[in-house]
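Presented below is the structure to which this report refers.
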Amino acid sequence: MRFAPIRPVIQSAIEAFGQVAIVPNPPHSLASDSWKGLVFSLMAAHRNAEALSELGKIPADVRRQLEADVEWVQGVASLYFAVGDTPHATLYLHRVENYLLVHRTALPASLEVQHAWLLYNLKDDVALYPILERLDARQDLTADLRKQVETLWAQWAVRRANQAIESGNLTRGVEILQAASEDYPDNMTVAARSRRSPTRAWAVRGKLSPSSSRST
């Protein structure tokens, strides 16, 4: 595995900084802002190996500042997921969730959409569903963020439909696909999957609820 040489550095950093409390107004400095910008710009360019390597070079005092920043913590969770390090991605994601629970606060819209994508990629359906519903209700989403939320709903619908069909529950899978095709007629993933299945009308959000899947 090409990231194996830096995994001891990752583990050491998590042990050293994983207990740093995330705070609403985190301390920052020119150095912390610079490191954050560097790592995030590498991630944006899909240079994840380099971004991961740079984490190990951040001075300890600067890293402590960054680890108190919810945007940084969630970004690092996304980075770990991108390189296939699901255990560490999950650990960082839980830090974000604990922060939200303790402070009873909502993330900025862009961060909450990022959070939803991370949960989707980690296949954490139970945590994802209420976040998508909360995003639906937000009035501060830009057009791009609203499109991402619709894409999340659509792709999740297809995944849940595939899971239902593969487990032998054809009726439920078809219902989810029909609902998704009605709600997101322009989504190519939904359209392609729906063409391969018979359809019946249903309400997509009700059928996607993790609790409803357990009851069927």
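The values are calculated or read from the model by the stated rules, or taken from the named source; none is laboratory data. Quick caveat: nothing in here was measured; it's all calculated off a predicted structure. Quick reminder, even Gly has a Cβ in these numbers, built from the backbone with ideal geometry, and neighbours come from all protein chains shown.
Does Thr142 qualify as being modelled with pLDDT under 85 and under 20 Å from the mean Cα position of the chain (by Cα)? It is false that Thr142 is modelled with pLDDT under 85 and under 20 Å from the mean Cα position of the chain (by Cα). Taken as a whole, the structure places Val73 among residues that are outside the structural domain of Ala161 (by TED's automatic domain parsing) and touching a Lys or Arg at 6+ places or on another chain (Cβ under 6 Å). Scanning region 10-26 for residues that are modelled with pLDDT under 90 and not aliphatic (A, V, I, L, M) turns up Gln11, Ser12, Glu15, Phe17, Gly18, Gln19, Pro24, Asn25.
Listed conditions (1) free of Cβ contacts under 8 Å to residues at least 40 places away in the same chain; (2) surrounded by fewer than 16 Cβ atoms within 10 Å (Cβ to Cβ); (3) not basic (Lys, Arg) are all met by His103, apart from (1). Remark: pairs (first residue in region 141-158, hydrophobic (A, V, I, L, M, F, W, C); second residue not in a helix (DSSP H, G or I); Cβ separation under 8 Å; 6+ apart in sequence or on different chains) = Val149/Leu141; Trp153/Tyr184; Ala154/Tyr184; Ala154/Asn187; Ala157/Tyr184. For region 170-209, a residue qualifies if it is more than 22 Å from Tyr120 (Cα to Cα) and either in contact with a Pro (Cβ under 7 Å, 6 or more places away or on another chain) or at pLDDT 65 or above (or both), and the qualifying residues are Leu170, Thr171. A count restricted to region 108-119 and to residues that are surrounded by fewer than 19 Cβ atoms within 10 Å (Cβ to Cβ) and over 14 Å from Lys147 (Cα atoms) stands at 2.
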